[in-house]
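Before any comments, here is the structure.
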Amino acid sequence: MISPLLSLALKAALEAKLHGLSRSDVAARSALISKTYREGGGSGTIRTEADALAYALARMPATYAAVAACLNALIDVRPDFAPQSLLDIGAGPGTATFAAAEAFPSLQDLALLDRNRPLRALATELAAENPRLSRLSYSSGEARSALAQADGADLVVASYVIGEFAEPERDDLVALAWSKARDALLIVEPGTPAGYARIIAARAQLITNGAHVLAPCPHDAPCPLTAPDWCHFAQRLARSRAHKEIKGTELPFEDEKFSYVIVARAPAPNRPARVLAAPAVSKVEVAAKLCTAGGVTLAKVPRRDRGGYAAARRWRWGDGVVEES
């Protein structure tokens, strides 16, 4: 399992690029870029080195935390997973690649795809600080066309990218991503109802095409949740001083909410139930909403069950847990 925080080396390399720059200018660029993304836009507003840095300082820590949580879920289900190659679609500043490199020491070949020149340049500069990323290859091009020409990889990641496409193009991108995955595919989207809708549509498409869900679901059946509920998770991360300045806040942490699906060519032998919300802990019991192989259930672990109660007190939103028989 890996930490949700950027490595010290990556954090230092990123913040070093702030030296000599106006913090207020970087913050203003970050706010404009964030507004564009919230309104459904893409990376088109990131046109300069300063724009790329502003985006990375504002979003890289939270995106890294979300991807790290997903990769930890993959490791939990497949502890023997040791990919040799990675394909990062719409890689931006390389956030998912940096997380995967931390999670899987086995990775040798790292291929990234993105059409945004300033983000590609930033990712390449940050990777140069890490000897493990010396074999990183970053290709330019629109996601679908670049992906069609890319080699396959053991692990394919599409992090916060499918939402930039309309439905027909999105379906094509998901199909292409799956065709390039020799073993596993991870798709991550914002933890909003719209992000969840994109994930659940991709999940259904992938299952139809022979994929097996590894996480977060403990089954391949249709999602049992009904509106207004939706499947999403949250990863808390501490904010650095620079992060707070760019975000314009004094709050020392943020909670990144995300939805995701991990599928593979072969089914996992054991898939844990998933904690769908923060458990309610009292002196009497721990009550937790779980997604299980049989559907959604409210598990209650009484205090008189000392071992079970102690274990359930450690459950966190998003954890995979083994149900008591």
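The values are calculated or read from the model by the stated rules, or taken from the named source; none is laboratory data. Given the structure is predicted, the values throughout are model-derived calculations rather than measurements. Cβ placement follows ideal geometry from the backbone for every residue including glycine, while neighbour counts extend to all protein chains displayed. The protein model used for the area step is the full one, side chains on, heavy atoms only, and it has no ligands, DNA or RNA in it. Shrake-Rupley method; radii C 1.70, N 1.55, O 1.52, S 1.80 Å.
Assorted remarks:
- Checked against the criterion of being of a type in the set (A, V, I, L, M), open to solvent by 30 Å² or more (accessible area, probe 1.4 Å), in a strand (DSSP E or B) and farther than 19 Å from residue 79 by Cα, the candidates 298, 290 yield just one match: 298.
- Selection status of residue 260, out of contact with any Cys (no Cβ under 6 Å at 6 or more places or on another chain) and among the hydroxyl-bearing types (Ser, Thr, Tyr): no
- Some residue of the range 74-83 being open to solvent by 40 Å² or more (accessible area, probe 1.4 Å), touching a residue at least 24 places away in the same chain (Cβ under 8 Å) and either aliphatic (A, V, I, L, M) or more than 28 Å from residue 264 (Cα to Cα) (or both): yes
- Criterion: in contact with a Lys or Arg (Cβ under 7 Å, 6 or more places away or on another chain), modelled with pLDDT under 90 and farther than 29 Å from residue 178 by Cα - qualifying residue of 54, 16: 54
- Beta carbons closer than 7 Å, at least 6 apart along the sequence or on distinct chains, pair a first residue in the range 111-129 that is without any contact (Cβ under 8 Å) to a residue 60 or more places away in the chain and over 20 Å from residue 145 (Cβ atoms) with a second that is assigned to a helix (DSSP H, G or I) and open to solvent by less than 20 Å² (accessible area, probe 1.4 Å) for 127/133.
- Residue selection: residue 271 satisfies the criterion of being under 23 Å from residue 196 (Cα atoms), of a type in the set (Lys, Arg) and either in contact (Cβ under 8 Å) with a residue 60 or more places away in the chain or outside any strand (DSSP E or B) (or both).
- Scanning the range 8-33 for residues that are exposed (fewer than 14 other Cβ atoms within 10 Å of the Cβ), touching a residue at least 40 places away in the same chain (Cβ under 8 Å) and within 19 Å of residue 248 (Cα to Cα) turns up just one, 23.
- All conditions in (1) open to solvent by less than 10 Å² (accessible area, probe 1.4 Å); (2) in a loop (DSSP other than H, G, I, E, B) hold for residue 112, with the sole exception of (2).
- Among the candidates 237, 185, 176, 214, residue that is open to solvent by less than 40 Å² (accessible area, probe 1.4 Å) and within 27 Å of residue 137 (Cα to Cα): 185
- Among the strands (runs of 3 or more DSSP E) confined to the range 118-228, the ones with at least 1 residues that are among the basic types (Lys, Arg) and either modelled with pLDDT of 95 or more or within 20 Å of residue 92 (Cα to Cα) (or both) are located at 181-190.
- For residue 106: the one exception among (1) over 19 Å from residue 214 (Cβ atoms); (2) not in a helix (DSSP H, G or I): (1)
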